[in-house]
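Here is the structure we will look at.
The values are calculated or read from the model by the stated rules, or taken from the named source; none is laboratory data. Quick caveat, the model's predicted, so the values are computed rather than measured. Positions of Cβ are generated from backbone atoms using ideal geometry, with glycine treated the same way; all protein chains shown enter the neighbour counts.
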Amino acid sequence: MMRRWPSALLAVVWLGLSGISAAAQGPIRSETRYAGAYTLRIDLYSDPAFTGRRLTFDVVVAAAGTTDQLRNLTLAAWAMPEAGTNATPVRASISQAGHALGGFQGSVTPQVRGSYRLHLIISGPAGTNAVDLPLRVAAPTAIPIWLAWSIGLLPLLGLFVFGLQQRSDLARLQLMGSTGEGGASSHVVT
Amino acid sequence: MAAFAATRPATTGARDHPFAGERRFRLFAAAALVSMQTLAAVGLGWDIQWHRWLGRDSFLTPPHLIIYTGVVGAGLICIAVVLIETERYWRRVPGVDRTSTVSLLGVFHAPLGFVLAGFGALTMALAAPLDNYWHQLYGVDVTLWSPFHMMGLIGAGIAYLGAAYALASELVRSRRDGTAGRRVMIFGWPGIALGALFALTAVLRLVRVLMEPSIETFPTWQLGPIEVLTSPIGLTLAVVLTSMAAVVMLRKPGAATLMTVMAALFTATVTLLAPIAVRIVGDASGYTYRLPGHPHINWIQVLLPFAYVLPAIAVDVAYLAQLRRWHRMRASLIAGLAGSLPMTAIATILTLDGISSTQAALRMLPASSNDLPPQPAFHAIALGALLALVVGGYAGRIGEQLGRIWRLNTR
């Protein structure tokens, strides 16, 4: 039993290190989009994204002119469902990335699988423009419909059994009630 | 007579009863349980409007937070009551014995209502992540009649029944020792009886929500070659069963009517306020509405729950009139049929009107012509009405038995 400890510890350390290395590795996908005078490099850290999990992304904005055009930049983003995806737009949370001009970090958590576009709106001294980036959102494996219904209706079986039990209990209650509850059966004519 | 009378206990009142402490504890716990369930019901009413107008952009939306606060709160109350009562049972505290508790696994001993409500809350809690998974797979507009919505709603039904059991058993005990209505009396109704009726309204309100798709989007069921209008069957079952249970549990004229009035007032209030709440949060948070315009009050939906009072009056009158002449089984069947007649007519009209309203609403959306529900054929309506009458008669019988259990059960 004691001999298993080192290997278990090793496994835990390996899992931890693999997690750290996964987090430390670079973006999975990088795309460049042009929004008027601005050039946006969008780095996605998951592709496809997964439902219910946060998709993080970086946006680095470059301007065609002077760096003044990068001052007072604002960025807003939404995951917009494409036609055929039964979802509502999800707003991304965006924050400035450190002190670098034009750097942003964002995250968004899509709720439904399907096709989306990451809709980014950049506003600054050079104007307001929007760009889109296609996204694919995956979901856990679907269980068969019959299995889902079986699980969903299982409590109904419990309720049915409880009902039968209560029905058989009624005779006992009636007997006790007729002795313990004077007048309770005054209307009863059975 | 004063409408609300808080009376001093008499010399043999609850305060002097040997089990007074135990009784107060159970009443307090039952009231807390019903409050938590009511909170969840308010959240559900809000959530339905939220889905309609805003969709579902995360799991923890404000209505979901309210629902699950209510569910978790109710579950924790049940766990606490089961543990406290078990400890009291084994310590042989007066009033906690085999006549006032049920055994669970031979170890736990607690009032049946709290055990039942605990299982209901557990079912709802288990359904929540599964429902989230289903939405992830199939989208935000998954119908209410989906596997894990049904699981959650059945869990809610079990929990509501549990609350009714908990209050009904206390009502029986207080009636037997003569303390019912000694502390609180409203319009001649003991406070505890009104509490039990309110707990029962939850079952009716739940089935009304459950049957909503049958009024708007799935008006008929196709059983092989036979098409049946569904809403009269489900709504008749709910209204007649709960009305009959109410009138038999209290054996007081007007119990069924009062129960449906309470249900209608609660539903109307939630239906009135939910769109306003959606609009306030939606506007403040900058959401985009999915339907044209802004969330607004639908007065027909607000007033609709009062339609269920009519069948309840029929049940009240028929049961009390027939019981004096015939035996219990015939009285319950006749009362069931009496209630199902107006309910069948109302449900049929609601469905036909509901389809027209849905068609009108869908026409506002682009490319939605494929989603229009078909108008049911005459034979589907006739068969639905016939089945509703049969179900109404049977629901009268089952409701009578349930009411009798609640009239006698002390555990």
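For segment B:114-122, the count of residues that are surrounded by fewer than 22 Cβ atoms within 10 Å (Cβ to Cβ), touching a Phe, Trp or Tyr at 6+ places or on another chain (Cβ under 6 Å), at pLDDT 90 or above and not hydroxyl-bearing (Ser, Thr, Tyr) is zero. Looking across segment B:217-233 at every residue that is surrounded by fewer than 22 Cβ atoms within 10 Å (Cβ to Cβ) and either touching a Gly at 6+ places or on another chain (Cβ under 7 Å) or in contact (Cβ under 8 Å) with a residue 24 or more places away in the chain (or both), the one that is farthest from B:Val309 (Cα to Cα) is identified as B:Ile226.
If we scan segment B:82-98, do we find a residue that is touching a helix residue (DSSP H, G or I) at 6+ places or on another chain (Cβ under 8 Å), polar (S, T, N, Q) and surrounded by fewer than 21 Cβ atoms within 10 Å (Cβ to Cβ)? Checked against the condition, which is being touching a helix residue (DSSP H, G or I) at 6+ places or on another chain (Cβ under 8 Å), polar (S, T, N, Q) and surrounded by fewer than 21 Cβ atoms within 10 Å (Cβ to Cβ), segment B:82-98 yields no hits at all. Among the residues of segment B:175-222, those identified as among the polar types (S, T, N, Q), more than 17 Å from B:Ala268 (Cβ to Cβ) and not in a loop (DSSP other than H, G, I, E, B) are B:Ser214, B:Thr220, B:Gln222.
Which members of segment A:33-68 meet the condition of being part of a loop (DSSP other than H, G, I, E, B) and aromatic (Phe, Trp, Tyr)? Within segment A:33-68, just A:Tyr45 meets the criteria. Starting from segment A:120-141, keep only residues that are in contact (Cβ under 8 Å) with a residue 40 or more places away in the chain, then list their pairs with residues that are β-branched (Val, Ile, Thr) and loosely packed, with under 14 Cβ neighbours inside 10 Å whose Cβ atoms are within a distance under 6 Å, requiring at least 6 positions of separation or different chains. Every condition considered, the pairs that remain are A:Ser123/A:Thr74. B:Ala382 passes every criterion in (1) in a helix (DSSP H, G or I); (2) at pLDDT 80 or above; (3) buried (at least 19 other Cβ atoms within 10 Å of the Cβ) apart from (3).
Do we find a residue being outside any helix (DSSP H, G or I) and either surrounded by fewer than 24 Cβ atoms within 10 Å (Cβ to Cβ) or within 14 Å of chain A (Cβ to nearest Cβ) (or both) anywhere in segment B:146-165? Yes; the residues of segment B:146-165 include at least one that is outside any helix (DSSP H, G or I) and either surrounded by fewer than 24 Cβ atoms within 10 Å (Cβ to Cβ) or within 14 Å of chain A (Cβ to nearest Cβ) (or both).
Considered as a group, the residues in segment B:169-197 that are under 15 Å from the mean Cα position of the chain (by Cα) and under 13 Å from B:Leu33 (Cβ atoms) include one that is nearest to the other protein chains (Cβ to nearest Cβ), and that residue is B:Ala196.
From the list B:Arg411, B:Arg330, B:Arg404, pick out the single residue that is in the same structural domain as B:Pro232 (by TED's automatic domain parsing), part of a helix (DSSP H, G or I), modelled with pLDDT of 80 or more and among the charged types (D, E, K, R). Selected residue: B:Arg404, the only one of B:Arg411, B:Arg330, B:Arg404 that is in the same structural domain as B:Pro232 (by TED's automatic domain parsing), part of a helix (DSSP H, G or I), modelled with pLDDT of 80 or more and among the charged types (D, E, K, R). For the residues B:Leu112, B:Leu44, B:Leu137, B:Leu104, the requirement of being under 30 Å from B:Val281 (Cβ atoms), within 14 Å of chain A (Cβ to nearest Cβ) and not charged (D, E, K, R) singles out B:Leu137. Number of residues in segment B:93-124 that are free of Cβ contacts under 8 Å to residues at least 24 places away in the same chain and polar (S, T, N, Q) equals 1. The conditions are (1) at pLDDT below 90; (2) among the aliphatic types (A, V, I, L, M); (3) assigned by TED's automatic domain parsing to the domain that holds B:Gln322, and B:Ala246 fails exactly one of them. Which is it? So the condition that B:Ala246 fails would be (1). Quick check: anything in segment A:91-114 touching a Leu at 6+ places or on another chain (Cβ under 6 Å), more than 9 Å from every other protein chain (Cβ to nearest Cβ), in a loop (DSSP other than H, G, I, E, B) and at pLDDT below 90? So far as segment A:91-114 goes, yes, one or more of its residues are touching a Leu at 6+ places or on another chain (Cβ under 6 Å), more than 9 Å from every other protein chain (Cβ to nearest Cβ), in a loop (DSSP other than H, G, I, E, B) and at pLDDT below 90.
Are any residues in segment B:48-85 among the charged types (D, E, K, R) and within 14 Å of chain A (Cβ to nearest Cβ), and if so, which ones? If the condition is that a residue be among the charged types (D, E, K, R) and within 14 Å of chain A (Cβ to nearest Cβ), then B:Arg52, B:Arg56, B:Asp57 are the ones that fit. Applying the criterion of being among the polar types (S, T, N, Q) and either modelled with pLDDT of 95 or more or not in a loop (DSSP other than H, G, I, E, B) (or both) to the residues of segment B:63-110, the residue that is farthest from A:Arg172 (Cα to Cα) is B:Thr69. B:Val390 meets the conditions (1) modelled with pLDDT of 85 or more; (2) surrounded by 19 or more Cβ atoms within 10 Å (Cβ to Cβ) in every case but one. The failed one is (2).
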